[in-house]
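The values are calculated or read from the model by the stated rules, or taken from the named source; none is laboratory data. Quick caveat: nothing in here was measured; it's all calculated off a predicted structure. Note: ideal-geometry Cβ built from the backbone for every residue, glycine included; neighbour counts use all protein chains shown. Quick note on the areas: whole protein, heavy atoms, side chains included, nothing else; ligands and nucleic acids left out. Shrake-Rupley method; radii C 1.70, N 1.55, O 1.52, S 1.80 Å.
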Amino acid sequence: VTIASMHWSIADMLLDLVHNSVQADAGHVRIELRRSDGEMAIRIEDDGKGMDSHQQVLAIDPFYSEPGKHAGRRVGLGLPFLVQTVTTVDGWYRLESEAGRGTTLEIRFNPDHIDCPPMGDVAGMLAAMLTFSGQYELEFHRSVRASDTDTESEYRVSRAELLHALGELETVESRSLLRDFLHSQEAHISSV
């Protein structure tokens, strides 16, 4: 049994990573999720504080967490679990970061691999990402290509556009509308 199989979905891990981006003072976060022909490709890019080469090594160590980041615990979860998951299912990852300039993470893996955790609740993940506190822009692009019919379905979401349409993302009413919208987008893409 691997650590990555401990009740975490891919969506849980991605949510943790984007939360890290926002906490690292990212003003802009871009996420792409593409699935086609038995492959899931994910890219997360931010313009946050970034990491030097030593911090990048520490970032994939599950027994390390930036001092003061998580009160009461000294372990990091999102990136180490994701890296372990990807390598367990014969995928690959690339982490590029520069102190003061931001971070880019790319991963590819077979989501149908027997040891791959489920994707999880993408709409719920995205709703949480869009409602973190702070001033940041988040762009999300999701696409699914069905190999048997060669059809592709996709949607794009921008935090700025949602704020413009809803006025705010703090009240129960706006968050409910946001969740309904995101679930409708996921329902459409899942029908491919």
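What distance in nm lies between label points placed 7 Å from Cα along the C-beta direction at S176 and E137? My value for the distance between the label points is 3.1 nm.
Per residue, the chain exposes an accessible area of 53 Å² to a 1.4 Å probe, with every protein chain left in place.
In whole Å, how far is the Cα centre of the stretch 141-172 from that of the stretch 23-43? Distance between centres, Cα-based: 13 Å. If we count every other residue with Cβ under 12 angstrom of V89's Cβ, Lys/Arg +1 and Asp/Glu -1, where does the sum land? So the surrounding residues net to -3. Once the Cα-Cα distance is subtracted from the 0.36 nm per residue extended length, the D61 to N110 segment shows a gain of 15.3 nm.
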